[in-house]
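Participant: After the structure tokens below, expect a handful of questions from me.
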Amino acid sequence: MMREFSPKSFCEERVARRIGTRAYLKARLDLKPEQMSAWDAFQKAADEASAKEKAKCASLPTEMKDPPKLIDRLNRREEMMKARLESLQAVKPTLLALYDKLSPEQKAVLDRPMMGGHRHWGHGRHRRG
């Protein structure tokens with residue numbers, strides 16, 4: 001038996017984490033005044049991507065009592081991957097422009113994988129040796 005699951009809440013939580021990660025990164029980067037316009041452009045693109053994701057979250061069911069069928073899981077996963085790719089493509093140019101304005105120390109903050117092995121604009125995995 002499956003306990004009740006809310007795809008909508010799960011989706012909203014994921015978007016909220018990404019928004020929180022951006023706030024954390026801004027604080028960690030300790031941006032200089034001359035870097036703020038690049039940050040603002042990135043923030044605007046990221047906020048627009050988050051708004052689109054939130055709109056998709058709103059269309060999801062608030063609860064599921066029965067486990068979804070295989071085809072439903074595959075279709076949902078495909079939709080999520082397409083949405084993530086759209087977000088990445090929307091944010092990438094402004095993120096790269098910001099990265100170009102950063103000092104080597106600031107770049108090191110973005111170059112390190114975060115806990116969980118991924119960031120809101122892409123992903124990577126920690127290797128275990």
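Participant: At q = 0.18, 0.24, 0.30 Å⁻¹, what base-10 log of I(q)/I(0) does the Debye formula yield for the stretch 18-72 when every alpha carbon is treated as an equal point scatterer in vacuo?
Facilitator: Here log10 of I(q) over I(0) equals -0.72, -0.98, -1.18.
Participant: For percent of Cα pairs over 27 Å apart, which listed value, (1) 29; (2) 16; (3) 6, comes from the coordinates shown?
Facilitator: (1)
Participant: What lysines could a cross-link reach from LYS56, if we take a straight Cα to Cα line under 21 Å and drop same-chain neighbours fewer than 8 places away?
Facilitator: LYS8, LYS44, LYS65, LYS69, LYS82, LYS92
Participant: Cβ under 9 Å from PRO7's Cβ, PRO7 left aside: what net charge do those residues give with Lys, Arg +1 and Asp, Glu -1? Each step should come with its number before you reach the end.
Facilitator: Details: positive: LYS8, ARG76; negative: GLU63.
Net of charged neighbours comes to +1.
Readers should treat all values here as calculations from the given coordinates under stated rules, not as data from a laboratory. Note that the structure is predicted; figures quoted are calculated from it, not measured. A quick note on method: Cβ atoms are made from the backbone with ideal geometry, for glycine too, and the neighbour counts reach across all protein chains shown.
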